[in-house]
1. Starting from the Cα of A:K8, draw a straight line to each of the aspartates and glutamates and keep only those under 12 Å, dropping any in the same chain fewer than 8 residues away.
2. Counting partner chain Cβ atoms within 10 Å of every residue's Cβ in A:395-405, what's the average?
3. Over the alpha-carbon set of region B:437-501, divide Rg by the Kirkwood Rh and report the Rg/Rh ratio to two decimals.
4. Report the semi-axes of the equivalent ellipsoid for region A:177-315 in whole Å, largest first, where each axis is √(5λ) for an eigenvalue λ of the Cα gyration tensor.
5. Name the lysines eligible as straight-distance cross-link partners of B:K336: C-alpha to C-alpha under 24 Å, and not fewer than 8 places from it in the same chain.
6. Suppose R0 equals 22 Å. What FRET efficiency, 1/(1 + (r/R0)^6) with r the Cβ-Cβ distance, do A:E144 and A:T83 give to the nearest 0.05?
7. Stokes-Einstein at 25 °C, 0.890 mPa s, Kirkwood radius from Cα pairs: D for the protein assembly as shown in µm² s⁻¹?
8. What dipole magnitude, in Debye to the nearest 20, does chain B give about its Cα centre under +1 on Lys/Arg Cβ and -1 on Asp/Glu Cβ?
Amino acid sequence: MPATTLFKESLTVINVGLKGFADNVVAAGGQCVALDWQPPAQGDRDGAWALAEVLNHPAVEAANATALARFIEANPVLTGVATARDVLPGMAGKRRLIVHAGPPIEWPAMCGPMRGAVLGAVVLEGWADSVDAALRLVARGHVELEPCHHQGAVGPMAGIISPSMPVFVVENRAAGNRAYCNFNEGLGKVLRFGANGPEVITRLRMMAAVVAPTLRAVLARTGAIELKPLMAQALNMGDEVHNRNAAATALFIKRIAPALIEADVARADATATIQFIAGNDHFFLNLSMAACKAMCDAAAGVAGSSMVTAMARNGVNFGVRLSGTGDTWFEAPANPVNGLYFPGYSIADAAADLGDSAITETAGVGGFAMAAAPAIVKFVGGTPTDAIHHSLRMRAITLGANPSFTLPALDFAAAAAGIDARKVVDCGVLPVINSGIAHREAGVGQIGAGVTTAPMACFTAAVKALARSLRPHPGPLPHAGEGVSPSLAPALRGEGRGEGRRP
Amino acid sequence: MATTRFKVFANLYKDSVTLMQLGAKLRERDGVAQASCLMATPANLAQLVDADLVVDAPASPSDLLVVVRGDALSCDEAIAAADELLQSAGATGDGGGAAFSLPLTSLAIGVERAPDADLALISVPGDYAAAEAMKALSLGLHVMLFSDNVPVAEERAIKTFARAKNLLVMGPDCGTAIVNGVPLGFANVVRRGDIGLVAASGTGLQEVTCRIHNLGGGISQALGTGGRDLKEEIGGITMLQGLAALAADSRTRVIVLISKPPSPAIARQIEDAAGAAGKPVVVHFLGATPQRLPAGLVAATSLRHAADVAVALARGEAPPVALTAPSAAALATVDKQAAAMASTQKAVRALFTGGTFCYEAQLVFIAQGLPCRSNAPANGASAFDGRYDGHVFLDLGDDDYTRGRPHPMIDPSLRDAAVRAQGADPQTAAILFDVVLGFGSHENPAGGLAQALADAQREARAHGRTIAMIGHVCGTDEDPQDKAEQMRQLEAVGAVIVGSNVEAALLAAHLAAHRA
Amino acid sequence: MQIPSALSIAPRNLPRVGQALPSRYADMSCAALVVETAGYLVPQADFIGRVHSVFAQACNIAVGDMLLTVCVPRAGNGATTLCLADRTVRDLRDLFDAGERVVCRDGVARTGRALLHWTGAIVWRPDEPGPMLAPARIDEHLRAAGLHLARQRRTRSSVIDGRAAPVVAALRIACRALDGAAAAREVDRLVGWGEGLTPAGDDFLVGMLAGLDALALGDERRQRFRAVLAAAVIARLQRTTPIAAHFLRLAAGGHYNEPLVALRNALLGEPRADAVVAALRRALDIGATSGADTVSGLLAGLAAWLPASPTAASA
């Protein structure tokens, strides 16, 4: 056996636990770093052991390197506009499927805004004449309900997409995977907050009849629009492309303006479209979400990887997916949102955290890029320095950084990228999410905004599942045996890419 | 009319030391009869019963619970004070204008902060300790695992893992080590030299390293293995690794191995490995002298003897024989005290802070056929049932006495109280004790002890009795406490302080034999 | 034993047990090294690794199962290499110590005396092969390469043309016949055979896998055979040196370094003989016999699966 590496001239100790030991080491002439230790995984013993099994595990490190590389290399481009029924596989034929935000949830358990939105969509599709009739239809189980994510899509707030709705088609040119998102309706009484009255239906029909074909014609002229450069520029202009999208929306309008004027569409339609987009500072959010989903999906399906590929909320539960654990959702009740309420509203009125828009944080923007949009911390009584610290702190729980997105307030450092579920549990630092707050009752709308975090229990469960997937035998064994690391698995053409990423 | 108030701090963790200190602070407040701060685990909640502080608090194991009993106003004020103390202890270096650094909450970030780190010193609750050790090992760090209550299966898993990576796990339940000259845990300041040690006993390691220093020798490395390393289920993994490391260490010229007797199979494995070390090895299995050792190995029969032999071998001299009787001067003093004793005084009451000292002292009595009871009985002693009758040997650092309170080496008040109580017992002829100095120990253990001894003697004298007080101070002249001053305080109240635990035990046994 | 208190004791006449050395990593006099090209398998994620070995012109950093090789520009690129931009770096042993930790965050890797920057590095990927030449032309290239190699072997031989020659021959036959079991048997003997950091048997296998890879596309039976061969190699990695194991692992995954890929592309697709010779020289110039052993393997692999020709060269 080779000689030990411990015997040297001096000793540097990392102290984990009681501080008195650290003080004594220093007093005795040694060097010491004292950790501020907390029980990991909220004190869950099995979770703590599973965490130790997968931290610094060579197979996991290699898998994460692969997943992160695919994420960073992703190039999401807006290739067109389609009708949901034509591109979401589950909606093919005449199947009565409506997709919603967040992990799976049954109709009786859905929160108010989501129920309202589902009913509005049923009326929109013509499956029922009225909201009441829609309620009877859905209560009897005649409408299927699935997460957007299961169909390759994302939707903000209630996130309801039904077959006749138009969706953006975003393709990751680096790997070929696609993601879809509906159009943002704007503010006020809108479907995504659960409103389902006639004006909501009318607006949705207008979007399908006017805005969608116009944008289709525009894109035919512009060709595919790369979304990462738009997002990167917006991040340098005060947006974080989740709760602040004004700059990105303006950049998008700039990009399509010439084509919009020259496109072969009725002038009235062009006018209506530009008014629709320009009147909604959050228009770009849905493009941002689709782009982020395309980037995250590129990283999915790498066996052994602890990289988070989805974070989503359905108004009751918060769900997390990892690259290395397939389609499994790891769920826990959503954390409360710490924020400011518009006059007349309070936390008693608030719905729980809702929407697929946490896909932006999953991709390293949104709350992770808070340094780019310091105004948001005013919602929680913070300062711009706090916004910067949020972004810096997220580096503790990510695999690396994304050179495509730089943050001026951090001396143009690259934004954190690739949330590592292991590091979340190990450090006790939760992913931060910038969130709008909806009223708990359907149809009232947004009543505030603020900052929340993803719940620890999701990541603990995910780490345990990952550890199980790596064990050769049941029971605690330190590491899986030596073998080919996933990243070095045979790279013959056709293998190793593209499989297992579709839910 | 006393009321009980409580507050739950959700998802707030503080270590047990901080909680005990906070509890003590709250109890000091006027109007507070009883107070406790704890993490709301089932085991901790059960302890509230004993303190008459049971409350129906909606708390989970990751929540912090503060319970106070007293008059209503004082309770509220105490809880408010606790709130302030707990919340203010938070910040990890961020907040408006301060330079940002990643929160130091994980080993990985710790290693980033100190990339040349060699070792992780882990003292977290036993439920999580092995997992933290595994993380440290997979980062390439050696581990000293101070925590106890680690399941044996986990100890085996981490030691097997460590061995495959050529890393050392010292522990679990390892309280003492000296690595690269730096004392870790409860350890003394000793000069560097060429004697290396591997020990399954913390206070045993302290006794031998101190004596080596006091004899003018020095230590290259002093490694701990934890109390369970040489059991069958573990198989001596760390002892064998430590032995091999010292064998390969150019600075080490003599090796000392200390442990309670392992099973014959493991003992043989260790002896074989020691025989192949290529340098002299002193083997001390407390209470079991090996009959036939391979060449190059010398058996020691006490901790004192182990140090004496090691120093001699390091100097190239012949190993001396072990001490079999106390010094003439000490004998004379004790005999004189015995002459003044009442006829009821026949028992030795041994009150130890170091578990191995308790064990070694029992071995001396058993070898002389003197019956003894103990809460940690050696082979041949009987179990202590709470009645002070005959010779009693108590290890006050044992789990029985340290639930919810600090170890007696840190907080000597429990041992002092036990000492004081012996004065009233007509049976007590002698009080036998240890005083352990060094890092981790109380800053003045002899102070309270001397007071307690004096009180016991006064009580005895008031009833026409005289008590002999026999002990030793385990420490060096370099330790943070002033060893000479500690000895002076004890001798000033009439205690006989000898140079080692075995000599103190021999002295007490001599008295016991003559009083039987 | 339970827990101690947080009492901090003021030390009294405490000797300086060891000089309190400032942390080497805080020392600002680190050499800043800029990486010009980074291999495509170099992780973009943060990592904590250890320096595995240091030589004058190369330093290996162990990160999990992988070895990243920091090297001077001359050495050539690979999937896991970091080629330095600075052509004045003399001896890497002045900058790295074996066993020291390497902490990498945000594309900067720190050791005790060096800071490696590769945020701006160009990612190296092997060149895509062009269209294949006519079989007869390839035969000519192989024959010429074989002769060139044989000339070099006269002065610098290794076990490959010595005691291992029968094993090598048997392996070629097994490849030709797509006999997985027989190939595994020969691999069993070749892995770890020879001396040095990368034993000759391992170098040969790397080259052979490169040759087989180029000709396995589209042929399911060949791909299955190749997978069996790769698995046989992986199963025996613990028999050889860590450095050789790393390159074998890469080869099993289809990853090779620049000189080998360039030579393979040249032999299969470069019409000009002088360009082929230049690529051959470059590939042979690695190590004392390491390059030659690898080239032997490459030629053997190509010959095994190219259309049979009576004049096909044997390496």
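Taken together, the values in this text are just the output of simple stated rules run on the coordinates, not laboratory data. Given the structure is predicted, the values throughout are model-derived calculations rather than measurements. In this analysis, Cβ positions are derived from the backbone assuming ideal geometry, glycine residues included, and neighbour counts consider all displayed protein chains.
1. Correct list for A:K8: B:D116, B:D118, B:D249.
2. Working: counts 5, 8, 2, 2, 5, 9, 7, 1, 5, 0, 0.
Across the residues of A:395-405, the mean count of other-chain Cβ atoms within 10 Å is 4.
3. Details: Rg = 12.7 Å, Rh = 12.4 Å.
With Rh from the inverse mean 1/r over Cα pairs, Rg/Rh is 1.02.
4. Working: eigenvalues 145, 78, 44 Å².
Gyration-tensor ellipsoid for region A:177-315: 27, 20, 15 Å.
5. B:K346
6. Numbers: r = 18 Å, r/R0 = 0.82.
That gives a FRET efficiency of 0.75.
7. On the way: Rh = 35.3 Å.
The diffusion coefficient I find is 69 µm²/s.
8. Numbers: 41 positive and 54 negative charges, 278 e Å.
Dipole of chain B, to the nearest 20 debye: 1340 debye.
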